[in-house]
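A short worksheet on the structure shown next.
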Amino acid sequence: MVYLEAFLLYVLLVIAGGLILTVILITFYGFINLLIKLTKGYSLHRSTLKKVLQTFVVIYLIAMSVFYLQRANTLLLGERAYKEAKAYAIAGEYVFLWKVALLKMVYPNNALLKPLNITESYILQKIYSYIPEDDAEREIWNYKFHLLDYARTMYAPRVEADIKKGLSFTNPAVSMKPELLNILNNIYTAMDRLNRQEIKDKEFSEVDRNLVIAALAPYFIEYIPYMADLHSNWKNSEYYGNKLKKIYKTPEFRSKLISYLKILDQVHENMQSSEKCHQAFESYPRLKVAYYWGATLGYSLLDSMQTELSDIYPCTNPTFLKWVENYKEFVKWAYMTPNSSYHSFSRREKKNYAFKIENQGTAYYIAKYICKIPFEYMVKGEANIDEKYRVKNFSFSMEMRSNIKHIRKLEKKLKKEEKE
């Protein structure tokens, strides 16, 4: 009975989607017909529209039938756990197809997506009803039918008044909406459960849990500085760096940041030790980049706070050395491995990923010029960096320069202690 209900839900959604597409097609046909009539003086025969609609319906129904059979073959056949949940997930994946297309044009909170979001929430509750709370497969579907919207677009809810003023979310004057805190907490909980809890379905256990954690990591680490701010006073517009210091000084949020990095450590270990997991990340290079983005930025931010606020010398700090390890791995994979899957990205994508991972200026400078760690790769523009502070043609903010001066003091202090 459950399988029949899930199948009928899929059929209902396919019919609804087909009607919407039919209306769009008829509207488009009418526009073309009007254009022809205005330019050439005649209109298309009604039988032409009928043939177009018949062809569309046949192709659409065949495509949706093939899609269902393919997903049913993957999710419902063989030794798969919680097949009732997966039967509903197939219906959810049809909605997911619509959202993938629409998210290229609108943001996740757009009113246009509200019917799809409501449908996905209903399907997600159905899925949850067949999967125990202590099984992390729930988070696989939570990601696909909810959190993926944010992980894919990196969209953060902002105050409408600030958006109308043309303020970017990178501008410290912008106020994030309280909903961002809910998203961040949801993402952290999903990553934590995927890391700790068992997954009965072995198809998901070894590979998918790691891929999903990697996909969620960039969003969490990009917006974590706003967690403490949103938790207390969401209209506060302190500078990004000050928000991060607030995170570090608040035990609850500092604990989440450290736990987040431990979760990524486990993903890294699985990526190295499991051939199946390694191949999966090679097959999905965007998720591999997402892992390095989340790990390098996370370790870089934590080390920066530890160095500045706790007087920890970076060159012997495990946090900093983890940053170096991940940074070097990314560079080796992206630039020094023949036929690397990184080369499948467009030029624009490579530039964006390099900006996020490669150009973490302070950490790179400290590693190479203070800790004297050898690098086989040179950051773009580095050859022209001024010898004293290495700032020309390099993105050194005032905060970076201040941080380097602080580290220089720590370096002198360490040498003095060694002599004594």
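Quick one: which residue in 163, 140 is at pLDDT below 85, among the β-branched types (Val, Ile, Thr) and not in a loop (DSSP other than H, G, I, E, B)?
After applying the criteria, what remains is 163.
If you take just the helices (runs of 4 or more DSSP H) that sit entirely in the range 271-384, which of them hold at least 3 residues that are within 18 Å of the chain's Cα centre (by Cα)?
The helices (runs of 4 or more DSSP H) meeting that bar are 275-283, 285-310, 347-353.
What pairs come up if the first residue lies in the range 8-20 and is over 12 Å from residue 60 (Cα atoms), the second is of a type in the set (A, V, I, L, M) and surrounded by 16 or more Cβ atoms within 10 Å (Cβ to Cβ), and their beta carbons are under 8 Å apart, counting only those six or more places apart or on different chains?
Hits for this filter: 9/91; 9/123; 10/90; 10/91; 13/91; 13/95.
Here's the yes/no breakdown for (1) of a type in the set (Asp, Glu); (2) in contact (Cβ under 8 Å) with a residue 40 or more places away in the chain; (3) touching a Cys at 6+ places or on another chain (Cβ under 6 Å):
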| site | (1), (2), (3) |
| --- | --- |
| 304 | no, yes, no |
| 309 | no, yes, no |
| 320 | no, yes, no |
| 326 | no, yes, no |
| 329 | yes, no, no |
| 334 | no, no, no |
| 341 | no, yes, no |
| 346 | no, no, no |
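In the range 256-303, which residue that is in contact with a Ser or Thr (Cβ under 6 Å, 6 or more places away or on another chain) and of a type in the set (D, E, K, R) is surrounded by the fewest Cβ atoms within 10 Å (Cβ to Cβ)?
Within the range 256-303, the match that is surrounded by the fewest Cβ atoms within 10 Å (Cβ to Cβ) is 282.
Do we find that residue 67 is in a helix (DSSP H, G or I), closer than 21 Å to residue 204 by Cα and free of Cβ contacts under 8 Å to residues at least 40 places away in the same chain in this structure?
Spelling it out, residue 67 is indeed in a helix (DSSP H, G or I), closer than 21 Å to residue 204 by Cα and free of Cβ contacts under 8 Å to residues at least 40 places away in the same chain.
The values are calculated or read from the model by the stated rules, or taken from the named source; none is laboratory data. Small disclaimer: the values here were computed from a predicted structure and weren't measured. For neighbour counting, all protein chains shown are included, and Cβ atoms are generated from backbone atoms with ideal geometry for every residue, glycine included.
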